[in-house]
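Only one structure is covered here, and it is reproduced in the block below.
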Amino acid sequence: MYSDKNVVIGVTGGIAAYKAADIVSRLRKLCINVNVIMTKSAQEFVQPLTFQAISQNYVVTDMFEEPKTWDVEHISIAQKADVFLIAPATANVIGKIAGGIADDMLTTTVMATKAPVLIAPAMNTNMYENPIVQKNIEALKCMGYHFVEPTSGRLACGDFGKGKMAEPEVIVSELLKLLSPNKDLQGKNVLVTAGPTREAIDPVRFITNHSSGKMGYAIAERAAARGAEVMLVSGPTNLPTPIGVKRLDVNTTNEMYNMVIEHSDKADIIIKSAAVADYRPETVAENKIKKGDVDIAISLTRNPDILKKLGEIKKDGQVLVGFAAETQDIIENAKSKVERKNLDFIVANDLTKDGAGFKGDTNIVTIIDSTGDVQHYEKMDKKDLADIILDKAKSIYIKE
């Protein structure tokens, strides 16, 4: 989703420089290209090789080093940036930028960029609260520079107070907001379910399915990036919580039912992509069932139908989206589900097709809405599909 984006990160001389490596790593995992510029002081805390290995790009450290290309380097880097981040930003570099001083590669490149600049200050509390530093920060804000406020806590010098650089996940979250200017879901509340559920047989065994949760997490991530307030109700997965998303963890279908119904009234758009267990064992053994010489049978009872209940209590203007993972009669089964469960549309996929369904990063789907319109989509990345689903949900919400 961000493979065409470029971020330039300026690292200055503070103990928080080691956190910048985490920021670079997080951005690379999102397929964002990262170029790092280090001041001379920054190299006293972290070696350029660290950033080179993580970013997979050479690190610029000196205005007068032998150029790697025939471009005027500070201009070419400035031009390629979609966002320019300075983390950590010392009082010194903030003062230089505010005063228009460009005496090293970092400050020169900042002066040459037209990209949004995000600054994450990190310094001693007394320095941060110094009126001169505060005046410089306010001046930069008035000129359109963006800031991630430092937090309070124990500082490297031993003092307690405000001045710690914000955590990497917070900085990345703010950076992604600048990187994705399309905020068409701003002010909307989106509720997403994802992953499988687990139904216990005994203390060590359970019934579940192959759902990885990747589709639901992709929807939650893209909705947040587009400005929505997102609540993700997730069954057990190994996936990290998307940036800017509030995640609520559940295990069983009953737990997911209760959590979703509790929060459904606040949602403008509900997208139920979780693959929940339709049945659970009628009784759960208190102790591990031991293997014997005869077969055993487990009696199953039905779980509540979360999507059907949502359709029954659906409020005016609310958009309800379901998923259907099928192995036969895909269109017929999906159409029936739209009607029976009062859905605005359903996303159906054929689990027998290569590149569709569980575990993978791609999907092949057919979207069927309540008017009977059928749209087929060939294999694509789940994040791209997430935007298609959100686009359709948004269009219905606006229409209603």
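Within the stretch 261-283, work out how many residues are over 15 Å from Ala220 (Cα atoms) and either in contact (Cβ under 8 Å) with a residue 40 or more places away in the chain or part of a helix (DSSP H, G or I) (or both). So the count comes out to 12. The residues of the stretch 359-374 that are out of contact with any Leu (no Cβ under 7 Å at 6 or more places or on another chain) and of a type outside the set (Ser, Thr, Tyr), listed by number, are Lys359, Gly360, Asp361, Ile364, Ile367, Ile368, Asp369, Gly372, Asp373, Val374.
For residues that are touching an Asp or Glu at 6+ places or on another chain (Cβ under 7 Å) and of a type outside the set (S, T, N, Q), scanning just the stretch 2-25, find the one that is nearest to Leu118 (Cα to Cα). Ranking the qualifying residues of the stretch 2-25, first place goes to Val7. Exactly one residue out of Ile368, Ile346, Ile364, Ile331 is under 22 Å from Val260 (Cα atoms) and of a type outside the set (Lys, Arg), and it is Ile346.
Considering each residue of the stretch 333-343 in turn, at least one proves to be assigned by TED's automatic domain parsing to the domain that holds Asn363, more than 22 Å from His376 (Cβ to Cβ) and not polar (S, T, N, Q).
To keep it simple, each residue is scored yes or no on (1) of a type in the set (S, T, N, Q); (2) out of contact with any helix residue (DSSP H, G or I) (no Cβ under 6 Å at 6 or more places or on another chain).
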site: Ala325; (1), (2): no, yes
site: Asp329; (1), (2): no, yes
site: Val338; (1), (2): no, yes
site: Ala348; (1), (2): no, no
site: Ile364; (1), (2): no, yes
site: Gln375; (1), (2): yes, yes
site: Glu378; (1), (2): no, yes
site: Lys392; (1), (2): no, yes
site: Tyr397; (1), (2): no, yes
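Check the stretch 220-237 and report whether any residue there is within 18 Å of Leu307 (Cα to Cα), part of a strand (DSSP E or B) and among the small types (Gly, Ala, Ser). Looking for residues that are within 18 Å of Leu307 (Cα to Cα), part of a strand (DSSP E or B) and among the small types (Gly, Ala, Ser), one finds at least one in the stretch 220-237, hence yes.
Selection of the stretch 70-128 for residues being touching a residue at least 40 places away in the same chain (Cβ under 8 Å), of a type in the set (D, E, K, R) and under 15 Å from Met38 (Cα atoms) yields only Asp104. Considering the stretch 236-260, the residues that are within 21 Å of Val170 (Cβ to Cβ) and in contact (Cβ under 8 Å) with a residue 60 or more places away in the chain include one that is surrounded by the most Cβ atoms within 10 Å (Cβ to Cβ), namely Gly244. The residue that is surrounded by the fewest Cβ atoms within 10 Å (Cβ to Cβ), counting only those in the stretch 192-214 that are more than 24 Å from Leu178 (Cα to Cα) and hydrophobic (A, V, I, L, M, F, W, C), is Val204.
From the set of residues in the stretch 11-38 that are over 23 Å from the mean Cα position of the chain (by Cα) and buried (at least 22 other Cβ atoms within 10 Å of the Cβ), which is farthest from Ala122 (Cα to Cα)? Going through the qualifying residues, I end up with Ile37. Looking only at residues that are part of a strand (DSSP E or B) and either of a type in the set (A, V, I, L, M, F, W, C) or outside the structural domain of Ile23 (by TED's automatic domain parsing) (or both) in the stretch 112-159, which one is surrounded by the fewest Cβ atoms within 10 Å (Cβ to Cβ)? Ranking the qualifying residues of the stretch 112-159, first place goes to Phe147. Of Thr366, Thr371, all but one fail to be surrounded by fewer than 19 Cβ atoms within 10 Å (Cβ to Cβ) and either of a type in the set (Lys, Arg) or in a loop (DSSP other than H, G, I, E, B) (or both); the exception is Thr371.
The values are calculated or read from the model by the stated rules, or taken from the named source; none is laboratory data. As the structure is a prediction and not an experimental result, all values here were calculated from the model. Cβ atoms come from the backbone with ideal geometry, glycine included; neighbour counts cover every protein chain shown.
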